[in-house]
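> The structure is given below, and queries will be raised subsequently.
The values are calculated or read from the model by the stated rules, or taken from the named source; none is laboratory data. All of these numbers come straight from a predicted model, not from anything done at the bench. Here the Cβ positions follow ideal geometry from the backbone for every residue, glycine too, while neighbour counts run over all protein chains shown.
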Amino acid sequence: MEDGSTAYLRWIFIGDRLCGRGVGTACMAALRADLYGRGVRRFDTDTALTNAVSRRFYEKTGFVRAGVTRSYVRVEREGAPCA
């Protein structure tokens, strides 16, 4: 957010060979500590309802499900500009 009170996590990715070794959890803890140290008071993210792995990871690292949003996708038809 413009006032600096909220951060939004767009992506986090841990390669298959590192999964289950605590790397993602350690990265998230370091990120959260840094953000809170900078004055951020809210840390948001999202994932697809069908992405059970990510949902478990976020919940394990302290995120709380706050609701469901709807996503919109626009696909450009061949020869038609995407506005």
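> When both residues are 6+ apart or on different chains and their Cβ atoms are under 8 Å apart, which pairs have a first residue that lies in the stretch 1-13 and is under 22 Å from CYS27 (Cβ atoms), and a second that is among the acidic types (Asp, Glu) and modelled with pLDDT under 80?
Nothing qualifies.
> Tell me which residues, restricted to the stretch 24-73, are of a type outside the set (D, E, K, R) and touching a residue at least 24 places away in the same chain (Cβ under 8 Å).
GLY24, THR25, MET28, ALA29, LEU35, GLY39, VAL40, PHE43, THR45, PHE57, THR61, GLY62
> Something else: May I ask you to list the residues in the stretch 35-70 that are part of a helix (DSSP H, G or I) and of a type in the set (A, V, I, L, M)?
If the condition is that a residue be part of a helix (DSSP H, G or I) and of a type in the set (A, V, I, L, M), then LEU35, ALA52, VAL53 are the ones that fit.
> Sticking with this structure for a sec: Would you confirm, using the coordinates I've provided, whether ARG17 is free of Cβ contacts under 8 Å to residues at least 40 places away in the same chain, part of a loop (DSSP other than H, G, I, E, B) and out of contact with any helix residue (DSSP H, G or I) (no Cβ under 7 Å at 6 or more places or on another chain)? Show your work before the answer.
On the way: free of Cβ contacts under 8 Å to residues at least 40 places away in the same chain: yes; part of a loop (DSSP other than H, G, I, E, B): no; out of contact with any helix residue (DSSP H, G or I) (no Cβ under 7 Å at 6 or more places or on another chain): yes.
No.
Residue by residue, here is whether (1) among the basic types (Lys, Arg); (2) at pLDDT 90 or above holds:
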position: ALA7; (1), (2): no, yes
position: MET28; (1), (2): no, yes
position: ARG38; (1), (2): yes, yes
position: ARG41; (1), (2): yes, yes
position: THR50; (1), (2): no, no
position: ARG55; (1), (2): yes, yes
position: ARG65; (1), (2): yes, yes
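> Is there a residue being loosely packed, with under 12 Cβ neighbours inside 10 Å, among the acidic types (Asp, Glu) and farther than 26 Å from SER71 by Cβ anywhere in the stretch 3-12?
no
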